[in-house]
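Asker: Next up is a structure, given as structure tokens.
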Amino acid sequence: MPAPRLLHVIQRSLIGLSVTSALVLAGCSESARAPLSEAAPAIKKKPNILYIMADDLGYSDLGAFGGEIETPNLDALVKQGRLLTNHHTGTVCAITRAMLVSGTDHHLVGEGHMGAPNDERRGLPGYEGFLNDSSLSFAQLLRDNGYHTYMAGKWHLGSALAGGAVTTAGKTPDQWGFERSYALLAGAAANHYAHEREGSTNYTEDGKFVQPGQPGQPGGAGGEPFYSTDFYTRRLISYIDSNKADGKPFFAYAAYTSPHWPLQVSEPWLSKYKGKYDAGYEAVRDARIARQKQLGIIPADFTPYPGAPETTSRSPATAGFNTASAKYINANNGMAQGYADYGPGKVNKKWASLTALEKKAQARYMEIYAGMVDNLDHNIGLLIQHLKDIGEYDNTYIMFQSDNGAEGWPIDSGADPRLTDEANAIEPVYATLGTDNGAQAARRLQYGLRWAEVSATPFRLTKGYAGEGSVATPLIVRLPGQTSRLPNLSALTHITDNTATFLALAGVTPPTQAAPAAVDAGGVDRNRGKVVYNGRNVYPVTGKSLLPLLEGSTASVRTEPLGHESYGRAYLISADGKWKALWNEPPTGPLDGRWQLYDLTRDRGETTDVAAQNQALTNTMVGEWQQFMQRVGGVEPLKPQGYY
């Protein structure tokens with residue numbers, strides 16, 4: 001078989017890496033290597049980068065990952081790329097995005113908590129609630145090295161315009177190296193059709209507030225239509241086209257807010273999945289598992305997480321919960337240390353326990369969600385087709401992923417949603433679900449705990465927790481010039497590795513000059529571990545480039561354990577990807593507050609806790625997690641609780 005065009009696109013002089021025969025023959029050994037073609041013409045332009053992020057998309061929602069939702073454009077991308085099936089993010093949106101932009105742990109760069117915490121950590125370094133000045137920005141590095149940098153979509157890392165109160169609000173994308181940007185500053189839109197009021201400060205374009213929905217603005221009288229996914233696609237295409245004549249490479253960040261609530265989408269997607277989910281949670285989930293095994297996403301003998309036990313009423317909080325004398329169980333203190341308090345559980349019913357009206361509403365929620373994912377795929381197809389139309393597709397690195405696992409928090413905050421769901425199943429409300437209501441705030445539809453569990457298939461738990469269903473996300477990569485699918489990669493990878501990969505593709509060496517010491521009154525060197533860039537003292541990129549893996553290396557990019565903490569929930573995965581120690585607060589986690597241990601090579605569904613049989617290993621990993629927290633300045637909250 002002749003070498004694909006990849007060998008004519010990525011040259012050793014551009015990225016300093018060899019190209020392997022794994023990019024020539026799909027299915028061949030990843031360790032096989034082929035020399036560069038001597039006849040290959042030199043390519044003067046560095047590769048473009050298109051990075052696409054979905055918001056709260058579950059692991060199994062895409063067709064290529066076993067889902068029944070139609071995603072033909074992403075599925076087609078897989079046929080010219082590959083899947084990374086063991087990729088990890090943060091547990092929630094802003095935490096993931098902070099690690100993406102900075103290339104290092106979120107505690108170091110201001111998002112130790114999504115937004116500033118309202119507990120004893122408030123005001124501590126790393127808990128500002130926005131990307132702080134100790135952060136690098138890959139966009140700035142790329143722009144400083146000859147790239148155009150564009151983004152459209154969700155930012156969630158700061159909202160102060162240039163010259164504003166940055167110390168209390170953080171910076172908008174234009175101040176972090178994005179040459180052109182249209183950004184939703186907050187974590188979620190109140191309405192995917194915008195309808196912003198005059199004077200609102202939810203959106204910026206190129207560092208100035210804009211109000212989509214106002215006259216002359218997108219979504220307003222005399223302006224172009226505004227549905228978030230459609231609009232962000234058009235804007236990003238316009239940015240790409242604005243400078244294409246100069247021949248410079250570009251980085252384009254499509255930061256979609258779909259399929260994050262509120263569940264809304266236009267026709268034909270709004271009605272496309274009617275009746276598709278009438279069989280309920282368990283049937284849809286079982287079908288996804290079967291497809292995942294057929295597709296090789298999981299092995300045939302994989303034991304999936306069976307789903308959370310049914311609870312038809314809330315388990316009570318402990319007597320001391322929310323009292324001044326409470327001693328809350330956390331990742332450092334369980335019942336063995338004299339701590340006993342935790343909060344209430346949630347109502348989480350199975351399909352058979354729902355009333356007919358509840359089933360009608362719940363099925364409709366998932367229909368709308370599926371329509372949003374389908375529409376998202378449609379827009380990704382438009383982006384990719386545009387790259388082909390302008391002759392840039394072959395020279396573009398494309399990466400797609402979700403920012404975290406599926407959003408499973410119920411709008412009723414854990415109480416029985418029956419009354420809400422039954423009201424939504426009755427006309428005239430039912431016919432309006434998922435539509436544009438013409439108002440700034442839409443009906444805040446969410447699809448709830450069980451559908452999120454379906455999206456997370458085959459993993460345990462959902463967004464915000466320490467389970468794989470929260471932090472393992474779908475990842476698709478296509479290298480420039482790649483024309484055939486390569487075998488799935490199961491190596492442990494992380495969101496910070498994306499950052500390092502972007503820089504490696506662009507031939508940019510991250511800064512390494514050590515920052516001068518800055519010892520405070522307490523004797524702490526505030527510049528410890530930092531490097532200097534553009535006169536600022538910042539934390540270096542700690543992620544590792546994925547290019548060696550993508551080019552056929554069998555050596556893992558990870559040499560140390562992967563630690564994480566948010567909302568008090570925690571995990572540590574061993575460097576070889578085999579063991580995972582994790583902690584969730586009761587009643588989701590063990591009632592005595594102990595850490596759990598799972599062998600991910602045998603039980604990535606996290607179905608069998610083996611901590612008791614491996615107590616010494618568990619203790620060692622918990623100690624390593626505590627060391628990780630010390631290194632990144634993380635503080636375990638006295639009262640762990642979720643993000644709502």
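The values are calculated or read from the model by the stated rules, or taken from the named source; none is laboratory data. Everything numeric here is computed off the predicted structure, so don't read it as measured data. Neighbour counts run over all protein chains shown; Cβ positions are idealised from the backbone, glycine included. With ligands, DNA and RNA removed, areas are computed over all heavy atoms of the protein, side chains included. Shrake-Rupley method; radii C 1.70, N 1.55, O 1.52, S 1.80 Å.
Asker: Amide H neighbours of THR542 under 5 Å, at least 5 residues apart or on other chains, H built in the peptide plane: list them.
Answerer: Result for THR542 returns THR104.
Asker: Please state the charge dipole magnitude for the chain, taken about the Cα centre, from unit charges on C-beta atoms (+1 on K and R, -1 on D and E), reported in debye and rounded to the nearest 20.
Answerer: Roughly 800 debye, rounded to the nearest 20.
Asker: Per residue, how much accessible area does the chain have with a 1.4 Å probe, in Å²?
Answerer: 36
Asker: Just the number, please: carbon plus sulfur as a percent of the accessible area of the chain, 1.4 Å probe, no ligands or DNA/RNA counted.
Answerer: 53
Asker: Looking only at the range 393-414, which residues have a backbone nitrogen under 15 Å from a spot 7 Å from the Cα of THR420 in the C-beta direction?
Answerer: 407-414
Asker: Could you tell me the calculated FRET efficiency between THR168 and VAL532, based on Cβ-Cβ distance and R0 = 25 angstrom, to the nearest 0.05?
Answerer: 0.45
Asker: May I ask for the percentage of alpha-carbon pairs in the range 547-625 that lie more than 21 Å from each other?
Answerer: 31
Asker: What does the convex hull of the alpha-carbon atoms of the range 211-267 project to on average, in nm²?
Answerer: 5.3
Asker: Full-extension gain between VAL429 and GLU310, please, as 0.36 nm times their residue separation minus the C-alpha to C-alpha distance. Display every interim value, and only then the final one.
Answerer: On the way: separation 119, 0.36 × 119 = 42.84 nm, distance 2.83 nm.
Additional length available on full extension: 40.0 nm.
Asker: Regarding the range 71-183, what's the average projected area of the Cα-atom convex hull, expressed in nm²? Display every interim value, and only then the final one.
Answerer: On the way: hull surface 35.9 nm².
Reported value for the Cα convex hull: 9.0 nm².
Asker: Please give the contour-minus-distance gain from SER353 to TYR644: 0.36 nm per residue of separation, less the Cα-Cα distance, rounded to one decimal in nm.
Answerer: Taking 0.36 nm per residue and subtracting the Cα distance, the gain is 102.1 nm.
Asker: What residue among TYR182, PRO510, ALA352 has its Cα farthest toward the positive end of the dipole of the chain, where the charges are +1 on Lys, Arg and -1 on Asp, Glu, each on the Cβ?
Answerer: PRO510
Asker: When the chain is fully extended, how far beyond the present Cα-Cα distance does GLU560 get from VAL524, taking 0.36 nm per residue of separation?
Answerer: Separation in residues times 0.36 nm, less the Cα-Cα distance, equals 10.4 nm.
Asker: Quick check: Cα centre of the range 164-227 to Cα centre of the range 568-621, how many Å?
Answerer: If you average the Cα positions of each part, the centres end up 42 Å apart.
Asker: Another question, then. Around LEU546, what is the net charge, scoring Lys/Arg as +1 and Asp/Glu as -1 over all other residues with Cβ under 12 Å from its Cβ?
Answerer: After counting each charged neighbour, the total is +1.
Asker: With only Lys, Arg, Asp and Glu charged, each at its Cβ (+1 for the first two, -1 for the last two), find how big the charge dipole of the range 545-641 is about the Cα centre; round to the nearest 20 debye.
Answerer: Computed about the Cα centre, the dipole is about 60 debye.
Asker: Taking the Cβ of LYS639 as the center, what net charge do the other residues with Cβ under 15 Å away carry, scoring Lys and Arg +1 and Asp and Glu -1?
Answerer: Working: positive: ARG121, ARG122, LYS327, ARG569; negative: ASP119, GLU120, ASP341, GLU565, GLU585, GLU636.
Taking every other residue near LYS639 into account, the sum is -2.
Asker: Run the reach check for LYS274 against lysines, Cα to Cα strictly under 18 Å, same-chain hits fewer than 8 apart removed. What comes back?
Answerer: LYS359, LYS360
Asker: Apply 1/(1 + (r/R0)^6) to the Cβ-Cβ distance of LYS578 and ASN333, taking R0 = 41 Å, and write down the FRET efficiency to the nearest 0.05.
Answerer: 0.90
Asker: From the cross-link list LYS244/LYS388; LYS208/LYS244; LYS79/LYS388, which pairs have alpha carbons spaced over 18 Å apart?
Answerer: Details: LYS244/LYS388 13 Å; LYS208/LYS244 24 Å; LYS79/LYS388 16 Å.
As for pairs spanning more than 18 Å Cα to Cα, those are LYS208/LYS244.
Asker: Using +1 at the Cβ of each Lys and Arg and -1 at the Cβ of each Asp and Glu in the range 537-619, identify which of LEU572, PRO548, LEU582 lies farthest towards the dipole's positive end.
Answerer: PRO548
Asker: Roughly speaking, what is the centre-to-centre gap between the range 502-552 and the range 251-275 when only Cα atoms are used, to the nearest Å?
Answerer: 37
Asker: Here's something else I'd like to know. Please grab the % of Cα pairs in the range 173-259 that end up more than 20 Å from each other.
Answerer: The share of Cα pairs beyond 20 Å in the range 173-259 comes to 33 percent.
Asker: Compute the FRET efficiency between PHE209 and GLU267 as 1/(1 + (r/R0)^6), taking r as their Cβ-Cβ distance and R0 = 41 Å, and round to the nearest 0.05.
Answerer: 0.85
Asker: Now for a separate question. Can you show me the helix-derived [θ] at 222 nm for the chain, built from DSSP H runs with n ≥ 4 at -39,500 (n - 2.57) apiece and divided by the number of residues, rounded to the nearest 500.
Answerer: -7000 deg cm²/dmol
Asker: Taking Cα centroids, how far is the range 413-440 from the range 59-135 in Å?
Answerer: Centre-to-centre (Cα) distance: 29 Å.
Asker: Counting DSSP beta bridges in the chain, what percent are antiparallel, to the nearest 5? Show your work: numbers first, answer last.
Answerer: Working: 33 of 62 bridges.
Antiparallel bridges: around 55 percent, rounded to the nearest 5.
Asker: At q = 0.06 Å⁻¹, work out log10 I(q)/I(0) for the chain with the Debye formula, treating every Cα as an identical point scatterer and leaving solvent out; two decimals please.
Answerer: After summing over all Cα pairs, the log10 values are -0.31.
Asker: If exposed means no more than 14 neighbouring beta carbons inside 10 Å and the site is in a DSSP loop, what's the longest run of the chain without any exposed GluC sites (Glu not before Pro)?
Answerer: Working: sites that count: GLU38, GLU120, GLU198, GLU310.
Here the longest run is 311-644.
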